[in-house]
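In what follows, a single structure is set out as structure tokens and then discussed.
Every number in this text was worked out from the coordinates using simple rules, so none of it is lab data. Everything numeric in this text was worked out from a predicted model, so none of it was measured. FYI the Cβ positions are ideal-geometry reconstructions off the backbone, even for glycines, and counts take in every protein chain you see.
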Amino acid sequence: MSAHTNEHGQPVGHAMPGWTPRPQPSGVTLKGRFCELEPIDPARHAADLYAAYSSAPRGWTYMAAGPFASEADYRAYTENIAKSTDPRHYAVVDLKTGKAVGTLSLMRIDPANGVIEVGNVMFSPLLQQTPISTEAQYLLMAYAFDELGYRRYEWKCDALNAPSRTTADRLGFAFEGVFRQAVIYKGRSRDTAWFSIIDSEWPKVKAGFEAWLSPENFAQDGQQRQSLKALRG
């Protein structure tokens with residue numbers, strides 16, 4: 001943050017003339033080239049999601065909920081979270097198959113300060129390390145910055161969750177530090193790693209996403225020509 005001084009010669013943050021609270025995220029549908037984000041709907045998504053997650057129960061280790069012993073248990077969970085507006089949950093639907101293959105949410109929503117977090121990211125093996133996983137993150141990020149006008153977009157995870165920390169770095173988040181003993185979940189203590197993207201960084205991050213997701217960046221075998229980090233470079 002660039003420092004300004006007040007009438008007392010003290011450094012203060014830059015003024016925000018005309019700032020108004022940001023809108024709450026809504027139950028929008030966000031469509032990309034590979035996937036669509038839809039408000040989570042137990043009737044439409046629960047069976048597909050349970051099936052997609054069933055082959056990888058280890059994916060629930062760092063989540064606050066799960067794993068689930070049956071499809072009925074998972075459906076009950078989705079019926080509960082579908083009612084929530086903070087977190088606001090979305091299903092990631094593969095446009096090729098029409099099936100839901102993951103979920104994520106906008107949460108800890110602070111309209112007054114323009115701060116919002118992406119969380120509850122549970123991506124099944126059907127979309128991990130595919131263009132869908134990257135596009136889903138981009139669609140939600142673009143919604144928060146471009147449509148809703150938020151100024152800070154956060155990512156938090158268990159500090160021991162190395163894949164999540166690697167993903168945050170790949171997506172363009174800046175690491176801000178670790179809050180020690182921040183949370184107790186599933187009967188264990190969690191140190192929480194914090195990451196963020198702010199609105200002044202978003203144009204560069206956005207350009208990297210759009211270059212990576214373009215058809216020109218993929219060879220005929222579907223492999224990327226350049227990495228996301230390189231294109232953001």
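See the values below:
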| item | result |
| --- | --- |
| Between helix 162-171 and the chain: long-axis angle, C-alpha atoms, 0 to 90°, nearest 10 | 60 |
| Rounded tilt (10° steps) of 71-81 against the dominant C-alpha axis of the chain | 30 |
| Given 13 as the ceiling on other Cβ atoms within 10 Å, longest exposed-site-free region of the chain for trypsin sites (Lys or Arg not before Pro) in DSSP loops | 97-185 |
| Per-selection metrics, the chain (Cα): Rg and Dmax in Å | 18.7, 64 |
| Helical contribution to [θ] at 222 nm, DSSP H n ≥ 4, -39,500 (n - 2.57), averaged over the chain, rounded to 500 | -8000 deg cm²/dmol |
| For the stretch 100-109, 3J(HN,Hα) per residue [Karplus equation, 6.51 cos²θ - 1.76 cosθ + 1.60, θ = phi - 60°, Hz, x = Gly/Pro] | 6, 10, x, 9, 7, 8, 9, 8, 6, 7 |
| Relative contact order [Cα under 8 Å, 6+ residues apart], the chain, whole percent | 15 |
| Charge context of residue 214, other residues only, Cβ under 14 angstrom, K/R +1, D/E -1 | +1 |
| Residue-span extension gain [residue 43 to residue 188] - 0.36 nm each, minus C-alpha spacing | 48.9 nm |
| Spacing of the two label points (7 Å from each Cα toward its C-beta) at residue 204 and residue 169, in nm | 1.7 |
| Within the stretch 133-171, backbone nitrogen closer than 18 Å to the virtual label 7 Å beyond the Cα of residue 112 toward Cβ | 150-152 |
| Crossing angle, helix 42-53 versus the chain [Cα axis fit, 0-90 degrees, rounded to tens] | 80 |
